[in-house]
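**Student:** Okay, handing you the structure first.
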Amino acid sequence: MTSDREPRKAHPSERQTPAGSRVSATDALRSAIEQLSELLGRAPESVSSLRPTDQGWEAEVEVVELERIPETTSVMASYQVVLDPEGKLLAYERGRRYTRAQVDRRDGR
């Protein structure tokens, strides 16, 4: 018997990886966004960094904490997310809070 439906694609957190292997950067990124969104009840705005570590993955995820008008005055937060090699969230921590219009300056001014 054949089916017209496409097979169901596995959710990144459901994908099986061989023991001791690491999910791809793309899957780690999706996993960080989805799991943090579920915990915070807010959809992350962007991922500003993702890097492999000896323990799995670390990501920096930007989230709108308080929406304001105009949008440039909305309060944002940067979250540090730690994932295991399979993409499961191990820990997260809110770092800095800032307004959307705020620009980081590296020259100290």
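The values are calculated or read from the model by the stated rules, or taken from the named source; none is laboratory data. All values derive from a computational prediction rather than experimental measurement. Reconstructed Cβ throughout: ideal geometry from the backbone, glycine too, with neighbour counts over all protein chains shown.
**Student:** Sort through 14, 62 and tell me the only one that's among the acidic types (Asp, Glu) and at pLDDT 95 or above.
**Tutor:** 62
**Student:** Do you know which of the residues in segment 31-68 that are free of Cβ contacts under 8 Å to residues at least 40 places away in the same chain and part of a helix (DSSP H, G or I) is surrounded by the fewest Cβ atoms within 10 Å (Cβ to Cβ)?
**Tutor:** It comes out as 38.
**Student:** Still on this structure: Mind listing just one residue for me: the one in segment 69-90 that is among the hydroxyl-bearing types (Ser, Thr, Tyr) and surrounded by 15 or more Cβ atoms within 10 Å (Cβ to Cβ) and, of those, nearest to residue 21 (Cα to Cα)?
**Tutor:** 79
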